[in-house]
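Remarks on the structure that follows.
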Amino acid sequence: MEEKGISRAVIKRLPRYYRYLGELLEDGVERISSSELSERMKVTASQIRQDLNNFGGFGQQGYGYNVRYLYTEIGKILGLDRIHNMIIVGAGNLGQALANYSAFERSGFKTVGIFDVNPVLKGVTVRGIEIRMTNELPWFIRENNVEIAALTLPKSKAVEMANVLVDNGVKAIWNFAHTDLNLTLPDDIIVENVHLSESLMRLSYNLTRYEAEHRTNHGK
């Protein structure tokens, strides 16, 4: 199906649709209208229909959406109908927390290896996965058909390690380092930069605005 020209905003909403539909399945809901889905997601029914029409629509007039079918189809669009082998590079607190999050595997993301440069961590296991040294990365990536690498290293080490990963066949990097790797890597490498501090700053902004409005309203 043709998917060119789909906005980043639509793509960003797809995982939310998938999550909410999964919750509906758990609740035993078999079908839902765009209006009912909009109430749950706080997105207008019109926006939902526009988003899904990018991929074929999936709904039936007068019936709405078959929840299981839509969940399955969005999963296919997101590439969740197959297993993605993933490694974590950086076995500090964040890296180990990611490795311990078993829900990733339920969505098809299988952590097959954890790597670090600290020899003290060599051989330590996290959820049954042994921590290896980064000099083992080249052969491990090839032998285990690794597609995705989660990078939880300091900024100073991130670019160098990202290049090592790319040179050995990794095509997608989930980057938690405080730098935008897509600015330094080849265009055909897929990078998702996750800046936790920026998310916290947005939270702080919204909290500050809320408190200012609250003071204004109560001061009248």
| field | Matching residues, the range 81-105, being touching a residue at least 60 places away in the same chain (Cβ under 8 Å) and in a helix (DSSP H, G or I) | value | LEU94
| request: For residues that are farther than 27 Å from ARG106 by Cβ and hydrophobic (A, V, I, L, M, F, W, C), tally how many sit in the range 43-83. | output: 1
| request: Go through the range 142-181 and count every residue that is β-branched (Val, Ile, Thr) and out of contact with any helix residue (DSSP H, G or I) (no Cβ under 9 Å at 6 or more places or on another chain). | output: 2
| Using beta carbons and a limit of 6 Å, which pairs, at least six apart or on different chains, have the first residue in the range 15-37 and closer than 10 Å to TYR65 by Cα and the second one open to solvent by 70 Å² or more (accessible area, probe 1.4 Å) and assigned to a helix (DSSP H, G or I)? | SER34/ARG49
| task | Search the range 147-187 for residues being closer than 22 Å to ASN93 by Cβ and among the charged types (D, E, K, R), and hand back the single one that is nearest to the chain's Cα centre (by Cα). | result | LYS155
| Set TYR65, TYR18: member being touching a Gly at 6+ places or on another chain (Cβ under 9 Å), of a type in the set (Phe, Trp, Tyr) and under 30 Å from VAL170 (Cα atoms) | TYR18
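The values are calculated or read from the model by the stated rules, or taken from the named source; none is laboratory data. Please read all numbers here as calculations on a predicted model, not as lab measurements. Heads up, the Cβs are rebuilt from the backbone with ideal geometry, glycines too, and the neighbour counts pull from every protein chain shown. For the accessible areas, the whole protein counts, side chains as well, though only heavy atoms, and no ligand, DNA or RNA atoms are used. Shrake-Rupley method; radii C 1.70, N 1.55, O 1.52, S 1.80 Å.
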